[in-house]
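The values are calculated or read from the model by the stated rules, or taken from the named source; none is laboratory data. Keep in mind that what you see is a predicted model, and the values were worked out from it rather than measured. Positions of Cβ are generated from backbone atoms using ideal geometry, with glycine treated the same way; all protein chains shown enter the neighbour counts.
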Amino acid sequence: MIEVQNLTKSFKDLVAVDGVGFHARNGAITGLLGHNGAGKSTTLRILYGLLKADKGRAMVDGIDVMTEPLKAQAEIGVMTDAHGLNPRLTAREHIEYFARLRKMEKTEIQRRIDELIVTLDMSEIADRRAEGFSQGEKMKVCLSRSLVHDPQNLIMDEPTNGLDVMTTRSVRSILHKLKKDNKCILLSSHIMQEISALCDEIIVIADGKVLMQGTLDELARRTNESDLEEAFMKITRQG
Amino acid sequence: MWSIITRKELKDALRDRRALGALLLFPILGPVMIYFMFNMIIDIAEEAGEVSLPVIGAQYASDLIDYLEQNGIEIETVNLNAAANPDSDFYSNAQLEEISVAISSRRFDFVLLIPEKFDELIGASRSSNIELHMESTRTTAAPKIGRVDGLIQAWGRETAALRLIARGVNPAVIAPVNVVRVDTASQQSRVQSILGMVPFFVIMAAFVCGMGVAVDVTAGERERKSLEPLLVNPVPRYTIVIGKWMAAVVFSAVGLVLVMILNFFSLSLVPLEEVGIVFNVGSLEIIGVLVTTLPLALFAPSIQIFVGIFAKSFKDAQAYLSFIMMLPMAPFFFNMLNTQDREFWMNFVPMLGQHMLLTDVVRGETPEIIDFLLAGLSLLFYSLLFVYGASQLMKRERIIFS
């Protein structure tokens, strides 16, 4: 469960996040929807403990990210916007490295990695070095290493950006499975179809402010638009 | 915890040819250079020591030849094949041609030519020319020629003095001044100056061997955009920095030990005793040197990690670190210019303390334990300072996200 209250963050003169507040519950996929530069990434970065907010609170399972960042980080899995891999390490070694950093047991690590390799269909690349991996293959490794410790909360920044159809589908199916396991998933995107296909809850964000939060149906009802894109345009224009 | 990071970075570095190349190539370079320089000096010293002098017409100057032999010159009598000139006292053109061919074909480096009438002229208190044929461009022969020339001059002065005494004149009349040369640049001091390069190579190795890894785990991580995903894990920044630092330390330490072993090996191959230097390195000395230098393997990577985190890319890091590479030269130059003895404060200057200790050990002196301790501990302190600085840098938003 992730809770954000009155979050504010400025970079010099630019107010990137301006009093953002929302709630992402367990057993649901929550999507942050907004243009590029709307403040989605900044919000997520504060949540996973790499940026310090100027004001406000961010809580993960009741743990304050500002005061206990390491404890909060232990409760989340993160897929960052940056998908940097080390060209000389194999896919398996990448996942293993993060599992070790999260203090997992050796046998448990192996079991979990084998499981992820099957779920994400990575048997071909598992023992290959990351040099020359395609965008989709890189993504799978990143997703695996953020899921290896079976976190209760998953934060993903633009998870399907630049992915082919096959990979997008397998990412979607994993997210649905996690949702069934009562996990809390928070992702950001600027792609309408992505959000409407995946998310139970949608948070529309623009210029660092939350303009509306609700299910797809609720947004449609409040804007009188059945299409998310039209609804989004209407909401952001009003804001 | 940090060992997880160290192990991963080492695994990565061992697969990196560039880092491995730096690790293996540099330690070999210094000792090989030192070996060849030593051998050159010793060769020159040896050759100047035993001069063999080819002489044509040795039988015409028995007194001079005796004098040369008494002073350690080995006389090699040479007979010419070309026909002599029956009309002249001196050698024929054909004979001179034969000598010139013998020198240019390197059969000789130089030849002393004594004319037939030499003893006769000297005995009659007159003067005679003798010729020393040589090729002045042959630098290796220069010290030998100088020696022969000097001895002949000395014999000339002695003969002149005897002539004056026989006529009741004090020889000092024609020798108002005597220049006595005292050469302090002995072979020994030349060897000493080469030995002075050993500490320099050792300190350099600490910087060169760990650099590839230090840059890769910092600027490389930023350039690959893999720093942000790493920092998402619940691991304190100082743990991450220590883990990365230690990976570079391992490379730097291995490089140091390699340089040390190879240096002592190459020095043991050189016949140092022939130039009068006693250089016996036992296991105790090696341990002493290792204790002295291993803190360098902590220090050099700590600066490089600090600078590496500052840099956005390999290119940036290389530009910054080329300045850092100048640092090991500072104590070397300081020591060259410094005329005072070791002073207490020098122990607290990073690298200078180590340089002094190494210089002592290489010269066969045993430094005091307190110097070892102070120099080592102060270097450890500076290393931790840089590591702390690096962990602080890793908290900066600008560094994580750009």
Filtered residue count, segment B:122-145, keeping only those that are more than 42 Å from the chain's Cα centre (by Cα) and either surrounded by fewer than 16 Cβ atoms within 10 Å (Cβ to Cβ) or outside the structural domain of B:LEU162 (by TED's automatic domain parsing) (or both): 6
Residue among A:LEU143, A:LEU154 that is part of a strand (DSSP E or B) and closer than 19 Å to B:PRO234 by Cα: A:LEU154
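Looking at B:PHE372, B:PHE386, B:PHE334 in this structure, which one is under 25 Å from B:ILE240 (Cα atoms) and part of a helix (DSSP H, G or I)? Lay out the reasoning, then the answer.
Working: B:PHE372 fails: under 25 Å from B:ILE240 (Cα atoms); B:PHE334 fails: under 25 Å from B:ILE240 (Cα atoms).
Of the residues listed, the single one that is under 25 Å from B:ILE240 (Cα atoms) and part of a helix (DSSP H, G or I) is B:PHE386.
Condition test on A:THR30, is it within 22 Å of A:ARG172 (Cα to Cα), surrounded by 17 or more Cβ atoms within 10 Å (Cβ to Cβ) and either polar (S, T, N, Q) or not assigned by TED's automatic domain parsing to the domain that holds A:ILE203 (or both)?
yes
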Which listed residue is surrounded by 19 or more Cβ atoms within 10 Å (Cβ to Cβ) and either assigned by TED's automatic domain parsing to the domain that holds A:ARG102 or β-branched (Val, Ile, Thr) (or both), from A:VAL165, A:VAL148: A:VAL148
Residue list for segment A:127-140, restricted to those being of a type outside the set (D, E, K, R) and either within 12 Å of chain B (Cβ to nearest Cβ) or touching a Ser or Thr at 6+ places or on another chain (Cβ under 7 Å) (or both): A:ALA130, A:GLY136, A:MET139
Matching residues, segment A:79-120, being over 23 Å from A:GLN135 (Cα atoms) and within 7 Å of chain B (Cβ to nearest Cβ): A:ARG100, A:LEU101, A:ARG102
Where a residue in segment B:202-225 is in contact (Cβ under 8 Å) with a residue 12 or more places away in the chain and its partner, wherever it lies, is surrounded by 24 or more Cβ atoms within 10 Å (Cβ to Cβ) and outside any helix (DSSP H, G or I), with Cβ under 8 Å and at least six apart: B:ILE203/B:MET351
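Could you identify the single residue in A:ILE95, A:ILE46, A:ILE125, A:ILE113 that is in the same structural domain as A:VAL210 (by TED's automatic domain parsing) and crowded, with 19+ Cβ neighbours inside 10 Å? Even if it seems obvious, please write down each step before you answer.
Details: A:ILE95 fails: in the same structural domain as A:VAL210 (by TED's automatic domain parsing); A:ILE125 fails: in the same structural domain as A:VAL210 (by TED's automatic domain parsing); A:ILE113 fails: in the same structural domain as A:VAL210 (by TED's automatic domain parsing).
Of A:ILE95, A:ILE46, A:ILE125, A:ILE113, the one residue that is in the same structural domain as A:VAL210 (by TED's automatic domain parsing) and crowded, with 19+ Cβ neighbours inside 10 Å is A:ILE46.
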Per-region count, segment B:61-79, residues surrounded by 18 or more Cβ atoms within 10 Å (Cβ to Cβ) and farther than 19 Å from B:GLN153 by Cβ: 1
Complete set of residues in segment B:368-382 that are crowded, with 18+ Cβ neighbours inside 10 Å and either on the phi > 0 side of the Ramachandran plot or touching a residue at least 60 places away in the same chain (Cβ under 8 Å) (or both): B:PHE372, B:ALA375, B:GLY376, B:LEU379, B:TYR382
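Out of all the residues in segment A:101-115, is one or more assigned to a loop (DSSP other than H, G, I, E, B), under 20 Å from A:MET166 (Cβ atoms), under 22 Å from the mean Cα position of the chain (by Cα) and in contact (Cβ under 8 Å) with a residue 12 or more places away in the chain? Full working, then the answer.
Keep residues of segment A:101-115 that are assigned to a loop (DSSP other than H, G, I, E, B), which gives A:102-105.
Subset that is under 20 Å from A:MET166 (Cβ atoms): none.
Taking every residue of segment A:101-115 in turn, none turns out to be assigned to a loop (DSSP other than H, G, I, E, B), under 20 Å from A:MET166 (Cβ atoms), under 22 Å from the mean Cα position of the chain (by Cα) and in contact (Cβ under 8 Å) with a residue 12 or more places away in the chain.
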Of the criteria (1) closer than 14 Å to A:SER10 by Cα; (2) surrounded by fewer than 19 Cβ atoms within 10 Å (Cβ to Cβ); (3) more than 9 Å from chain B (Cβ to nearest Cβ), which one A:ARG57 fails: (1)
Single residue of segment A:67-78 satisfying the filter (in a loop (DSSP other than H, G, I, E, B) and surrounded by fewer than 15 Cβ atoms within 10 Å (Cβ to Cβ)) that is nearest to the other protein chains (Cβ to nearest Cβ): A:GLU68
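Could you tell me whether segment B:12-31 includes any residue that is more than 14 Å from chain A (Cβ to nearest Cβ) and on the phi > 0 side of the Ramachandran plot? Working first, answer last.
As a first pass, look at segment B:12-31 and keep what is more than 14 Å from chain A (Cβ to nearest Cβ): B:21-31.
Of the ones still in play, those that are also on the phi > 0 side of the Ramachandran plot are none.
No: zero hits.
To keep it simple, each residue is scored yes or no on (1) of a type outside the set (Val, Ile, Thr); (2) more than 30 Å from A:GLY136 (Cα to Cα); (3) part of a strand (DSSP E or B).
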| residue | (1), (2), (3) |
| --- | --- |
| A:VAL4 | no, yes, yes |
| A:SER10 | yes, yes, yes |
| A:VAL15 | no, yes, yes |
| A:GLY19 | yes, yes, yes |
| A:ASN26 | yes, no, no |
| A:THR43 | no, no, no |
| A:ALA53 | yes, yes, no |
| A:ASP81 | yes, no, no |
| A:ASN86 | yes, no, no |
Filtered residue count, segment B:336-357, keeping only those that are in contact (Cβ under 8 Å) with a residue 40 or more places away in the chain and either β-branched (Val, Ile, Thr) or surrounded by fewer than 18 Cβ atoms within 10 Å (Cβ to Cβ) (or both): 1
Evaluation of A:LEU187 against (1) surrounded by fewer than 22 Cβ atoms within 10 Å (Cβ to Cβ); (2) not in a helix (DSSP H, G or I) (one fails), failing number: (1)
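Let's see how each residue does on (1) within 13 Å of the chain's Cα centre (by Cα); (2) closer than 20 Å to A:ASN26 by Cβ:
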position: A:ARG129; (1), (2): no, no
position: A:PRO151; (1), (2): yes, yes
position: A:MET156; (1), (2): yes, yes
position: A:MET166; (1), (2): no, no
position: A:ARG172; (1), (2): yes, yes
position: A:LEU186; (1), (2): yes, yes
position: A:ALA197; (1), (2): no, no
position: A:ASP200; (1), (2): no, yes
position: A:MET212; (1), (2): no, no
